[in-house]
1. Looking at (1) modelled with pLDDT of 95 or more; (2) surrounded by fewer than 17 Cβ atoms within 10 Å (Cβ to Cβ); (3) under 21 Å from residue 52 (Cα atoms), which is the only condition residue 153 fails?
2. Would you pick out the residues in the stretch 87-109 that are among the aliphatic types (A, V, I, L, M), in a loop (DSSP other than H, G, I, E, B) and closer than 20 Å to residue 69 by Cβ?
3. Any idea which residue in the stretch 123-145 is nearest to residue 88 (Cα to Cα), counting only those that are hydrophobic (A, V, I, L, M, F, W, C) and surrounded by 16 or more Cβ atoms within 10 Å (Cβ to Cβ)?
4. Taking the stretch 91-107 as the search range and keeping residues that are surrounded by 12 or more Cβ atoms within 10 Å (Cβ to Cβ) and without any contact (Cβ under 8 Å) to a residue 24 or more places away in the chain, which one is farthest from residue 74 (Cα to Cα)?
5. Could you name every one of the strands (runs of 3 or more DSSP E) located completely within the stretch 110-169 that has at least 2 residues being of a type in the set (Phe, Trp, Tyr)?
6. Would you please name the residue that is nearest to the chain's Cα centre (by Cα), looking only at residues in the stretch 6-31 that are of a type in the set (Lys, Arg) and at pLDDT 90 or above?
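The values are calculated or read from the model by the stated rules, or taken from the named source; none is laboratory data. Just so you know, these numbers come straight off a predicted model, no measurement behind them. In this analysis, Cβ positions are derived from the backbone assuming ideal geometry, glycine residues included, and neighbour counts consider all displayed protein chains.
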Amino acid sequence: MRSGPLASGEHRVRIVKPKYKIFEQTITISDNQTLDFSPALVADFAVVTITAGEGCEIWIDNERKGLSPWREELSSGTHIFEARKAGCQPTVLPQEIASGSAEQSYTIDAPTPMQGAFQIATTPIGADVIVDGKSLGQTPIVADLMAGEHRIVISKEGYATIETQIEVR
C-alpha cells in the first residue's frame with residue numbers, strides 16, 4: 001500500500017477485497033494537484049439461506065458449513081449445495097449465485113434414508129427379536145433397517161439371551 005504524493009502523470013489504481021468485484025481505474029494527476037479519490041466497491045456476494053430437513057448438515061462445495069437452516073454471505077458463482085444426514089443418501093443442488101444485496105433462499109430436499117435387508121432365523125423358531133429397544137416380532141424374521149449400527153437382542157424363555165451389535169449397509 002502506498003501513501004504520500006504521487007508523481008504527475010497516469011496511474012493505474014487496483015483495489016482487491018474478498019467478496020467484492022475488483023476495482024480498476026486509471027487516474028491522471030497534474031503537477032501540484034490534490035485529487036480526492038473515493039472509489040465505490042461493488043459487492044460480489046449474496047446473503048444466502050439454505051434449508052433442508054431437520055438435523056441435516058449443510059455442505060457447500062464439499063465443505064461443512066453447519067446445520068439447517070444455514071444463513072451467511074456466499075461469493076457469486078456456481079456452488080454445489082448438499083444436505084447430509086447419517087444413514088441417508090445426500091441430496092445435491094447445484095446453484096448459480098448472483099451478486100447483489102438481495103437475499104437468496106434455497107430449499108434442498110431432505111436426504112433419503114438408506115436401508116438394508118435384515119434377516120434372523122433361530123432354532124428353535126419363535127424367539128423374540130428386539131432392535132434398538134423396539135420389538136420386531138418373533139423369528140424367523142425379515143425386515144428393512146436403516147443403514148448403520150443397531151443393537152440386537154434375541155431371547156426365548158428357557159434359552160440364553162443373545163445381545164449383539166450389527167451394521168446394516
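1. The failed condition is (3).
2. 102, 108
3. 145
4. By that ranking, first place goes to 92.
5. Because the criterion is at least 2 residues that are of a type in the set (Phe, Trp, Tyr), no strands (runs of 3 or more DSSP E) in the stretch 110-169 meet it.
6. 14
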